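**Student:** Quick one: the structure is below, and I'll ask about it shortly.
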Amino acid sequence: GAGVSQSPSNKVTEKGKDVELRCDPISGHTALYWYRQSLGQGLEFLIYFQGNSAPDKSGLPSDRFSAERTGGSVSTLTIQRTQQEDSAVYLCASSLGAGANTEAFFGQGTRLTVV
Amino acid sequence: AQSVAQPEDQVNVAEGNPLTVKCTYSVSGNPYLFWYVQYPNRGLQFLLKYITGDNLVKGSYGFEAEFNKSQTSFHLKKPSALVSDSALYFCAVRPKSYGGSQGNLIFGKGTKLSVKP
């Protein structure tokens, strides 16, 4: 597709269940980011992948959160044993190349609701 | 700690008047600076960026931003606001690292712009 694609667009899950959120970046983009946006809050950095380098996981809030990027393309963010405070919009972005001056393109996000 | 501050949670402007959305940053060195806009129920869209050179950067939809190194600011501006500009605006910085390789984008908390007819 032309843009960053995220699925599902909405996810309602019960507390304690695991969820997987998917991100398809723009073809050819080597950098991929995950952010979390809570109501009334800004964007909270979660994790960053760049090419074949080790990911920057410094933003993951707990060990219940993990992410993978297979084949340098699609990424999956997994949240284990979900809690109500995990409810938020999870945004994925990708950018071209390794230059720090390249802008990131965002997907529409996955709205996660933990009940 | 590296951070971005958007001191105003909300900015209210009458249509046709100039608007300014403020952003200041605390990052070592000279970072790359970005503005994004988020319309209701939409993803973030890139507006403009400052890399180097002219301190006044022009972007999409008639927006521009002025980089001020001494004040570590990157305020977003538009000479004449439109009702359709009403949205959430985010300032972001990416610190330059060795070799210019990418790192994390650090975002401000966002400023809600409301333009009234």
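The values are calculated or read from the model by the stated rules, or taken from the named source; none is laboratory data. None of the values given here were measured: they were computed from a predicted structure. When we count neighbours, we look across all protein chains shown, and the Cβ atoms used for this are built from the backbone with ideal geometry, even at glycine. The protein model used for the area step is the full one, side chains on, heavy atoms only, and it has no ligands, DNA or RNA in it. Shrake-Rupley method; radii C 1.70, N 1.55, O 1.52, S 1.80 Å.
**Student:** Considering only region A:21-40, how many residues are exposed (fewer than 12 other Cβ atoms within 10 Å of the Cβ) and either among the polar types (S, T, N, Q) or touching a Ser or Thr at 6+ places or on another chain (Cβ under 7 Å) (or both)?
**Tutor:** In the first step, residues of region A:21-40 are kept if they are exposed (fewer than 12 other Cβ atoms within 10 Å of the Cβ); the result is A:27-28, A:39-40.
If we keep only those that are either among the polar types (S, T, N, Q) or touching a Ser or Thr at 6+ places or on another chain (Cβ under 7 Å) (or both) too, we end up with A:27.
Here the count works out to 1.
**Student:** Here are some residues: B:Ala81, B:Ala1. Which one is within 14 Å of another protein chain (Cβ to nearest Cβ), in contact with a strand residue (DSSP E or B) (Cβ under 8 Å, 6 or more places away or on another chain) and part of a loop (DSSP other than H, G, I, E, B)?
**Tutor:** Within the list B:Ala81, B:Ala1, the selection yields B:Ala1.
**Student:** Can you give me the number of residues within region B:59-78 that are assigned to a loop (DSSP other than H, G, I, E, B) and over 14 Å from B:Cys23 (Cα atoms)?
**Tutor:** Counting residues in region B:59-78 that are assigned to a loop (DSSP other than H, G, I, E, B) and over 14 Å from B:Cys23 (Cα atoms) gives 2.
**Student:** A:Ser53: open to solvent by 50 Å² or more (accessible area, probe 1.4 Å), within 11 Å of chain B (Cβ to nearest Cβ), without any contact (Cβ under 8 Å) to a residue 12 or more places away in the chain and small (Gly, Ala, Ser), yes or no?
**Tutor:** Yes; evaluated as a whole, the condition is true for this residue.
**Student:** Here are some residues: B:Phe46, B:Phe63. Which one is at pLDDT 95 or above and in contact with a Phe, Trp or Tyr (Cβ under 9 Å, 6 or more places away or on another chain)?
**Tutor:** Going through B:Phe46, B:Phe63 in turn, just one is at pLDDT 95 or above and in contact with a Phe, Trp or Tyr (Cβ under 9 Å, 6 or more places away or on another chain): B:Phe63.
**Student:** List pairs: first residue in region B:69-80 and over 14 Å from B:Thr111 (Cα atoms), second residue outside any loop (DSSP other than H, G, I, E, B) and open to solvent by 20 Å² or more (accessible area, probe 1.4 Å) anywhere in the structure, Cβ distance under 6 angstrom, at least six positions apart or on different chains.
**Tutor:** Cβ pairs passing all conditions: B:Thr72/B:Thr24; B:Ser73/B:Thr24; B:Lys78/B:Gly62.
**Student:** Given the conditions (1) part of a strand (DSSP E or B); (2) within 14 Å of another protein chain (Cβ to nearest Cβ); (3) among the polar types (S, T, N, Q), report the number of the one that A:Asn101 does not fulfil.
**Tutor:** All conditions pass for A:Asn101, except number (1).
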